[in-house]
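Comments concern the structure below.
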Amino acid sequence: MELFVNKIMQKWIKSVSFVFSISALLSVSFAAQPETENPYIFGIHPYLTAKELLERFTPLINYLSDELDQPVVLRVAKNYANHIQWVGEDKVDLAYLGPAPYVKLVENYGQKHLLAKIEVAGQSTFRGAIIVSQNSRIKTLTDLRGKGFAFGSPNSTMSHFVPRFVLWQAGMTVDQLSHYQFIKSHENVVLGVLLGEFEAGAIKKDIFNRYVQQGIKVLTWTPPITVHLFVATHRFPQQQLDKVRQLFLNLNEHPKGKTILTSIKKSITGVTKVDDQDYNELRYILRTVEQLKSQ
């Protein structure tokens, strides 16, 4: 376990250091901008390294900057909770949110302005997987009793909340595991399972597809959950809301739309309208998990 933790911490420290560097650069750029050129801040949760997120979202940031005729800059949060707080307290103008952070955001801070949700392979839902190593003898979820389990972030939809609900449906609680740990990211979960520090772990489908050839397999899939979405906070200009919402929806037909969306994630095929009720099923799952945690 010590070797695994050291490897994870080395990777995490590098990632966090980059986040702080990006934040510092952004702060400097704010000060350098004339008052009339204050940029819109686009916030995002750290589901990948800050460097990779910057690369993936730059085409979208450039598109929004050009169309809004105002600079837009990316800000990567230190963690999921920090991202929820930034959006909730209107410290950013626009944001990309995972389903569970969005539900928690509304619960703790109230409704924000909904802009659009992504579509993956033509669907506005996505799935996660509970994985084991390729040579594992574990066949069912109940076989995980007395075994170790890796979660990603405590606030992750597919690396904590939904798989924990799936375990509960199978009659399993975390108390029946030998140990479990939150190890920051989906990639760390894969690494933990491959290193043998955990017999199983929870990741989203696209991460599974990326690492399936490295020696992991699916024990079970989660139910489909409504996908990530874009929101505007209350500090974003009211008179610009309709415009920015349409800018996202226009990506389906824009000449650069496919490039912009697949830069974020290769499997994104479009964007569509979003309604708060789309997340009601997830709200039930989150309430159930919170009740389990309090027992």
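The values are calculated or read from the model by the stated rules, or taken from the named source; none is laboratory data. Just so you know, these numbers come straight off a predicted model, no measurement behind them. As a convention, Cβ positions derive from the backbone with ideal geometry for all residues, glycine included, and neighbour counts pool all protein chains shown.
When LEU286, LEU282 are checked against the criterion of being crowded, with 19+ Cβ neighbours inside 10 Å, touching a Pro at 6+ places or on another chain (Cβ under 6 Å) and not in a strand (DSSP E or B), LEU282 stands alone in meeting it. The set of residues in the range 256-276 that are basic (Lys, Arg) and at pLDDT below 95 comprises LYS265, LYS266.
Of all residues in the range 161-217 being among the aliphatic types (A, V, I, L, M) and under 11 Å from SER133 (Cβ atoms), which is surrounded by the fewest Cβ atoms within 10 Å (Cβ to Cβ)? Applying the filter and picking the extreme gives LEU195. Here the condition is being among the hydrophobic types (A, V, I, L, M, F, W, C) and outside any helix (DSSP H, G or I); of VAL92, VAL87, it holds for VAL92 alone.
Of all residues being more than 14 Å from LEU94 (Cα to Cα) and not β-branched (Val, Ile, Thr) in the range 218-242, which is surrounded by the fewest Cβ atoms within 10 Å (Cβ to Cβ)? Just the residue, please. In this case the residue turns out to be GLN239. Considering only the range 114-132, I want to know if a residue exists there that is of a type in the set (Gly, Ala, Ser), touching a Gly at 6+ places or on another chain (Cβ under 8 Å) and assigned to a loop (DSSP other than H, G, I, E, B). Yes, because at least one residue in the range 114-132 is of a type in the set (Gly, Ala, Ser), touching a Gly at 6+ places or on another chain (Cβ under 8 Å) and assigned to a loop (DSSP other than H, G, I, E, B).
Here the range 44-75 is the region considered, the condition is being among the aromatic types (Phe, Trp, Tyr) and in a helix (DSSP H, G or I), and the residue that is nearest to SER267 (Cα to Cα) is PHE57. When THR125 is tested against the conditions (1) hydroxyl-bearing (Ser, Thr, Tyr); (2) within 13 Å of the chain's Cα centre (by Cα); (3) at pLDDT below 95, the lone failure is (2). Applying the criterion of being without any contact (Cβ under 8 Å) to a residue 24 or more places away in the chain and on the phi < 0 side of the Ramachandran plot to the residues of the range 66-87, the residue that is nearest to the chain's Cα centre (by Cα) is ASN82.
For TYR63, the test of being out of contact with any Asp or Glu (no Cβ under 6 Å at 6 or more places or on another chain), of a type in the set (Phe, Trp, Tyr) and modelled with pLDDT under 95 is failed.
Inside the range 90-115, can you point out the residues that are over 23 Å from ARG287 (Cα atoms) and either surrounded by fewer than 22 Cβ atoms within 10 Å (Cβ to Cβ) or among the hydroxyl-bearing types (Ser, Thr, Tyr) (or both)?
ASP90, LYS91, HIS113
Scanning the range 265-287 for residues that are out of contact with any strand residue (DSSP E or B) (no Cβ under 8 Å at 6 or more places or on another chain) and under 16 Å from ALA116 (Cα atoms) yields a single hit, GLN277.
Under 6 Å by Cβ, and 6 or more places apart or on different chains, what pairs join a residue from the range 245-270 that is on the phi > 0 side of the Ramachandran plot and not assigned by TED's automatic domain parsing to the domain that holds SER65 with one that is among the polar types (S, T, N, Q) and in a helix (DSSP H, G or I)? Final answer for the pair search is none.
Within the range 240-260, the set of residues being acidic (Asp, Glu) and not in a helix (DSSP H, G or I) comprises just one member, GLU253. If you scan the range 258-271, which residues turn out to be surrounded by fewer than 17 Cβ atoms within 10 Å (Cβ to Cβ) and either over 18 Å from the mean Cα position of the chain (by Cα) or of a type outside the set (D, E, K, R) (or both)? Selection gives LYS258, THR259, THR262, SER263, THR269.
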